[in-house]
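The values are calculated or read from the model by the stated rules, or taken from the named source; none is laboratory data. Please read all numbers here as calculations on a predicted model, not as lab measurements. Cβ atoms come from the backbone with ideal geometry, glycine included; neighbour counts cover every protein chain shown. Surface areas here come from the heavy atoms of the whole protein model, side chains and all, with no ligands, DNA or RNA. Shrake-Rupley method; radii C 1.70, N 1.55, O 1.52, S 1.80 Å.
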Amino acid sequence: MSTSPDAGNTSRKAGTGKLWGVGLGPGDSELVTVKAARVIAAADVIAYHSARHGNSIARGVAEPYLRGDQIEERLMYPITVETTDHPGGYRGALNDFYTDSAETLAAHLRAGRDVCLLAEGDPLFFSSYMHMHKRLADDFDAEIVPGVTSVSGASAALGIPLVEGEETLTVVPGTLPVDELTAEFAGADAFAVLKLGRTFSTVRTALERVGRLDEAWYVERASTPAQRVLPVSEVDPSDVPYFSMVVVPGRRNNPRFDPTELGTGEVVVVGLGPGAASQTTPQVRAELSSATDLVGYRTYLARVTPRPGQRVHASDNRVEAERAEFALDLASRGARVAVVSSGDPGVFAMAAAVAEVAAQSRWADVPVRVVPGVTAATAVAAVAGAPLGHDFAVISLSDRLKPWELIEARIRHAVQADLVIAVYNPGSQSRTWQVPRLHDLLREMVPDDRVLIVGRDVGGPEEALSVTTVGAFDPSIVDMRTMLIIGSSATTIAERSGGRLVFTPRHHSV
């Protein structure tokens with residue numbers, strides 16, 4: 001038996017060998033680390049995965065470091081992309097294979113042999129090694145030797161920085177459905193797509209959907225003599241091997257990104273969602289990242305971390321028209337302006353204000369887009385259950401831009417129609433009588449046991465939700481961060497051991 005590469009380690013489990021997960025890098029044998037080469041040369045058993053043809057890229061990379069007298073274990077996949085009659089399907093067949101492979105390696109480890117399991121790239125980065133590690137590491141000593149990842153190899157092949165400064169890198173498996181790929185690409189500064197082969201056409205479709213195809217590069221067999229690098233738009237989908245990658249560097253350094261394609265200037269109105277950063281959509285994050293200027297109410301802008309170089313223009317909450325005009329003026333001079341709202345910008349927010357001003361002839365040539373966000377009504381409803389499961393009305397209680405008589409008439413009609421009502425802007429420091437008046441109207445028109453939901457700062461750090469009734473409702477608890485949902489006659493509170501659910505059935509009796 002050879003001398004173990006960590007022979008001085010006294011913490012090893014007595015009588016057993018050690019499992020080594022060795023990363024080999026992207027393909028060039030000279031990119032194998034010094035430690036990996038030492039472990040490979042010293043191990044008793046060299047193991048590697050292969051397809052049914054028997055060839056192993058990993059073994060080929062490691063070959064310069066093999067002694068020639070080591071035991072070799074080829075772990076041959078029973079399937080790769082083929083169908084199978086295994087009762088557990090494709091996943092079941094692979095699970096059985098990994099279990100059998102782990103037992104093969106365990107037999108060597110129990111006999112005191114050190115096992116080196118070779119892995120292309122890094123052992124814990126989309127690698128088969130991880131399946132062995134999960135099955136063996138609890139019973140045997142195991143150590144990972146990290147390797148240069150395929151993403152790093154592709155970046156080096158391109159010679160283009162993937163990310164700079166505050167840009168973020170997203171790594172995506174190409175096996176995702178096209179809609180999920182599209183969502184991932186839409187919210188990413190820079191990204192790398194692994195596991196191509198048959199998935200290439202799907203990846204290309206997603207790139208086209210988000211307008212990033214012209215920025216995308218194709219890298220095949222990075223760091224090897226067979227390396228190919230070319231724009232994705234020039235790749236033949238029928239000639240894409242599994243060991244290839246799509247890389248889209250961040251726009252700060254991507255030579256295929258043409259800033260003029262974004263236009264000379266535009267206004268995009270975005271919604272951050274109700275409060276939690278996780279409820280800001282990837283599309284909104286991408287728009288915020290690409291904007292030159294951020295415009296909005298100071299409280300909402302405080303939720304956005306500007307990147308270096310972005311200009312931030314904060315204002316009071318009562319100057320919507322002036323804010324819209326300011327944003328349009330910036331865009332007319334070439335700026336890419338993100339006008340920031342909370343919730344959804346089209347629901348009692350800045351999208352209508354921008355549209356009203358942009359409709360004037362002065363701004364006719366300025367492009368305006370609206371990107372949706374999670375609105376307060378659906379956010380509060382989701383915390384409670386499904387109170388908006390049937391027809392509902394959305395009414396703002398603010399009488400700053402419309403007379404109270406109109407608001408009251410709409411409330412009466414909605415109640416008479418037996419609609420669930422989501423009430424926006426119920427109260428503020430200067431509007432204190434509207435909620436008590438709403439309560440009086442409800443007491444006149446519906447039974448005291450009618451369901452009423454009070455949501456405050458939903459999605460924010462002070463989130464609170466109360467499910468009460470019209471009779472028990474206390475108007476004094478309402479402030480400008482509160483939303484009310486008034487149930488219909490069918491809205492139900494289900495008290496369950498698994499948690500209370502409030503819902504309005506999808507059916508309705510006449």
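Summing charges over all other residues whose Cβ lies under 15 Å from the Cβ of residue 460, with Lys and Arg as +1 and Asp and Glu as -1, gives -1. Per-residue extension of 0.36 nm, minus the Cα-Cα distance of residue 489 and residue 290, leaves a gain of 67.0 nm for this segment. Entry note, the stretch 179-281: relative contact order of 30 percent, from Cα contacts under 8 Å with a spacing of 6+ residues.
Of the peptides 284-293, 89-98, the order by per-residue mean of other Cβ atoms within 10 Å, starting with the highest, comes out as 284-293, 89-98.
Were the residues from residue 477 through residue 310 laid out at 0.36 nm apart, the gain over their Cα-Cα distance would be 56.2 nm. Contact order for the chain, expressed relative to its length and based on alpha carbon pairs under 8 Å spaced 6+ residues apart, stands at 10 percent.
In the stretch 266-371, taking the dipole from charged Cβ atoms about the Cα centre, the farthest positive-side position among 315, 345, 283 is held by 283. If you split all Cα-Cα distances of the stretch 311-462 into 5 Å bins from zero, what percentages do you get per bin, shortest first? Values per bin, smallest distances first: 2, 8, 15, 18, 18, 14, 11, 8, 5, 2, 1, 0. For the stretch 266-371, a Kirkwood hydrodynamic radius built from all Cα pairs, placed in the Stokes-Einstein relation at 20 °C and 1.002 mPa s, yields a translational diffusion coefficient of 161 µm²/s.
How big is D for the stretch 375-421, in µm² s⁻¹ as a whole number, if Stokes-Einstein is applied with the Kirkwood radius of its Cα pairs at 4 °C and 1.567 mPa s? D = 110 µm²/s.
Calculated mean residue ellipticity at 222 nm for the chain: -8000 deg cm²/dmol, from DSSP H runs with n ≥ 4 weighted as -39500 (n - 2.57), summed, divided by the residue count and rounded to 500. Placing dummy labels 7 Å off each Cα toward the beta-carbon, the span from residue 317 to residue 333 is 2.9 nm. In the stretch 377-503, Cα pairs under 8 Å separated by at least six residues give a relative contact order of 32 percent.
For the stretch 177-192, the Karplus equation 6.51 cos²θ - 1.76 cosθ + 1.60, evaluated at θ = phi - 60°, returns couplings of x, 4, 5, 6, 4, 4, 5, 5, 5, 5, x, 9, 6, 9, 8, 10 Hz by residue, with Gly and Pro reported as x.
Placing dummy labels 7 Å off each Cα toward the beta-carbon, the span from residue 464 to residue 214 is 5.3 nm. Protein heavy-atom accessible surface, 1.4 Å probe, per residue over the chain: 47 Å².
When peptides 426-436, 121-131 are sorted by average Cβ neighbour count within 10 Å, with the highest value leading, the order is 121-131, 426-436. Against the empirical curve 2.2 N^0.38 Å, the C-alpha radius of gyration of the stretch 184-254 lands at a ratio of 1.03.
Close Lys pairs in the chain (alpha-carbon distance under 26 Å; sequence gap of 8 or more, or different chains): 6.
Hey, what does the equivalent ellipsoid look like for the stretch 377-503, semi-axes from the Cα gyration tensor as sqrt of 5 times each eigenvalue, largest first, whole Å?
That gives 22, 17, 13 Å for the three semi-axes.
Measuring nothing but protein heavy atoms, the accessible surface of the chain at 1.4 Å probe radius is 51 percent carbon and sulfur.
What ratio of Cα Rg to 2.2 N^0.38 Å holds for the stretch 19-147?
1.02
Evaluated on the stretch 112-190, the Kirkwood hydrodynamic radius is 15.3 Å, with distances taken between all distinct Cα atoms. Among 180-186, 66-72, sorting by the average number of other beta carbon atoms lying within 10 angstrom of each residue, highest first, gives 180-186, 66-72.
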